[in-house]
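Written below as structure tokens is the structure these notes are about.
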Amino acid sequence: MDEKELQEIVEKHSSDFKIFIENQSFLVDKIKMSQTDNPLTEPTTRGGVYFAEMKEWKIEATIFDTTISKHLSKAMLGPNKDFLDIILATNIENNQKLSLVTNLKNSMQNAEKIILYLTLKDATMESQ
């Protein structure tokens, strides 16, 4: 599956995703996927910790269940030496499951919701 096809699937099922972090699952109320340019002239390793491409797929996930916030500090680089993989998953047509493996780059929270800004590492499609 190419990246544009993946983006179309994500948009079509944007309100059907669950997010899995630290063996907990939360409903994703809204999800968007887009490609962005990094200010790099070539792919590089940043700080010896993670690899950055010139173009990256970003995911913005909105979650109204703010109890997820207590799990976020363990997922983000900074307080930790490694990113924790965060999985976003949904069931799609033909009894298939789409899983997006992501890393948390940033988050924004108010009293009503949390918006997670994630970088896509991998996407898998498997039969159930």
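Give the residues of the stretch 102-120 that are modelled with pLDDT of 90 or more and under 23 Å from residue 37 (Cα atoms), sorted by residue number.
102, 107, 108, 115, 116, 117, 118, 120
Only one residue in 88, 84 is open to solvent by 30 Å² or more (accessible area, probe 1.4 Å) and within 17 Å of residue 21 (Cα to Cα), so which one is that?
Only one candidate qualifies: 84.
So which residues in the stretch 1-15 are assigned to a loop (DSSP other than H, G, I, E, B), open to solvent by 80 Å² or more (accessible area, probe 1.4 Å) and in contact (Cβ under 8 Å) with a residue 40 or more places away in the chain?
1
For the structure I just gave you, tell me whether residue 45 is loosely packed, with under 11 Cβ neighbours inside 10 Å, more than 11 Å from the chain's Cα centre (by Cα), farther than 19 Å from residue 123 by Cβ and at pLDDT 90 or above.
So residue 45 fails the test.
Can you name every residue in the stretch 94-128 that is of a type in the set (Gly, Ala, Ser) and either open to solvent by 50 Å² or more (accessible area, probe 1.4 Å) or not in a strand (DSSP E or B) (or both)?
Scanning the stretch 94-128 gives 111, 127.
Show the residue pairs that are 6+ apart or on different chains and have beta-carbon atoms under 6 Å apart, the first residue being within the stretch 50-75 and open to solvent by 20 Å² or more (accessible area, probe 1.4 Å), the second being at pLDDT below 80.
Cβ pairs passing all conditions: 51/45; 53/43; 54/38; 54/40; 55/37; 58/36; 73/79.
The values are calculated or read from the model by the stated rules, or taken from the named source; none is laboratory data. Keep in mind that this is a model prediction, so the values were computed, not measured. So basically every Cβ, Gly included, is an ideal-geometry build from the backbone, and we count neighbours across all protein chains shown. Just so you know, the surface numbers come from the protein's heavy atoms only, side chains and all, with ligands and any DNA or RNA stripped out. Shrake-Rupley method; radii C 1.70, N 1.55, O 1.52, S 1.80 Å.
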